[in-house]
Every structure is written in C-alpha cells, then in structure tokens.
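Okay, so here's the structure we're looking at.
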Amino acid sequence: MKVTGESLEYRLVSREVVERRLSRYTGDNRQRQTTLKQLFADAGCDHQHLLEQPVKGSKLPNVVCTLPGSSEKVIIVGAHFDRVSQGDGVVDNWSGASLLPSLFQAVNAEPRKHTYIFIGFTDEEQGEVGSRFYVHQMTEQQIAATDAMVNMDTLGLASTEVWGPFRHPVG
C-alpha cells in the first residue's frame, strides 16, 4: 500500500516483517550489531550505503545505513542496539533498533527529497558513547544540512517526547 504524507511517500512494511525483526533480539551486543547490519542488508541497504563506523572508546561500531535523497537536506533516525547485562533488552532498546530497517524499507520504496541516515548506535548504555561520537564527528556543513534527528528508545512504554534545538542542545 502506498501512503502519501505532506511531502513524504512510503510503503507500509507488513506487521509480520516488523515482528520478525523484533524477534531477533537474542545475543550479546556484538551479535546484536551483526544482526542489525544483516537486517539492513536484507531490507535493501546495499554495501555502498551500509557501513560500520568505528567509535572511539568502544569495541563495537555504529551501524549506519544511508538512503540518498534528491537534496542535500538530511534526516537522521537513530536507536541504540546495545543492552545492559540483566534481561534481554527487548524494549530497551531492540524495540527501536529493530525498527530502523523497516523504516528504511518503507521510505526507500518511493523517491524522496531528504537523505535519510539510519543509525544503530553502540554503547548508549555506557554513557551515550556511539551517539556522542557520531555528533562530534559531524562537520558544520553536515550539522547545517540536518533538518531533524529522530531518536527511538524504549518504544511503546511512554508518551512521545519532542525536543527542539531550543530545549536540548547536544553537548
């Protein structure tokens, strides 16, 4: 089914596909990183646009899938794939990380203006290591081109929060 928004067209990804990706939560953080990379590849993110970004201070990389658009404008969509040692970490935060390939697949189905950068961040449970590294390596031009950053964490347990640059600067 093709859905049209104000300026974004996308195709729905079936519930079965989303649930199958969510069910792949098992393993340690290294296995999760490998699984997320494979989920992106299975969703159609090719080798040219799928990379592992080495992160200073971490043994594991960020997983980055870039979906080019027709303009220089960027929307970043991120979620962390790591978990703490207690429990399975399904909600925090495989619920967000496993959804990234489905969002890529939905938006990839139609031409788009923005370039989307989907990022599975490493070591967020250790002090936001992956996301801080990503932000600090961005150039001034990359920052200026970024229209939005959507962070998905612990989906389905609380109301949605929206932070603009006026409320929560990255530092």
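The values are calculated or read from the model by the stated rules, or taken from the named source; none is laboratory data. Quick caveat: nothing in here was measured; it's all calculated off a predicted structure. As a convention, Cβ positions derive from the backbone with ideal geometry for all residues, glycine included, and neighbour counts pool all protein chains shown.
Computed values, structure above
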quantity	calculated
Matching entry among G27, G87, G78 (being without any contact (Cβ under 8 Å) to a residue 12 or more places away in the chain and either closer than 17 Å to T154 by Cβ or surrounded by 18 or more Cβ atoms within 10 Å (Cβ to Cβ) (or both))	G87
Per-region count, region 90-135, residues surrounded by fewer than 19 Cβ atoms within 10 Å (Cβ to Cβ) and basic (K, R)	2
Residue in region 38-56 that is within 19 Å of R132 (Cβ to Cβ) and either crowded, with 21+ Cβ neighbours inside 10 Å or hydroxyl-bearing (S, T, Y) (or both) present	no
Matching residues in region 123-149 - criterion: being within 15 Å of the chain's Cα centre (by Cα) and of a type in the set (D, E, K, R)	D123, E124, E128, R132
Pair list, Cβ < 7 Å and 6+ apart or interchain, from region 91-116 residues that are under 22 Å from D28 (Cα atoms) and at pLDDT 95 or above to residues that are among the aromatic types (F, W, Y) and part of a helix (DSSP H, G or I)	P101/F40
Of all residues in region 54-74 being closer than 24 Å to G127 by Cβ and part of a loop (DSSP other than H, G, I, E, B), the one that is nearest to the chain's Cα centre (by Cα)	P61
Check on E140, free of Cβ contacts under 8 Å to residues at least 24 places away in the same chain, among the charged types (D, E, K, R) and either in contact with a Leu (Cβ under 9 Å, 6 or more places away or on another chain) or more than 18 Å from D28 (Cα to Cα) (or both)	yes
Every residue from region 131-145 that is aromatic (F, W, Y) and within 15 Å of V77 (Cα to Cα)	Y134
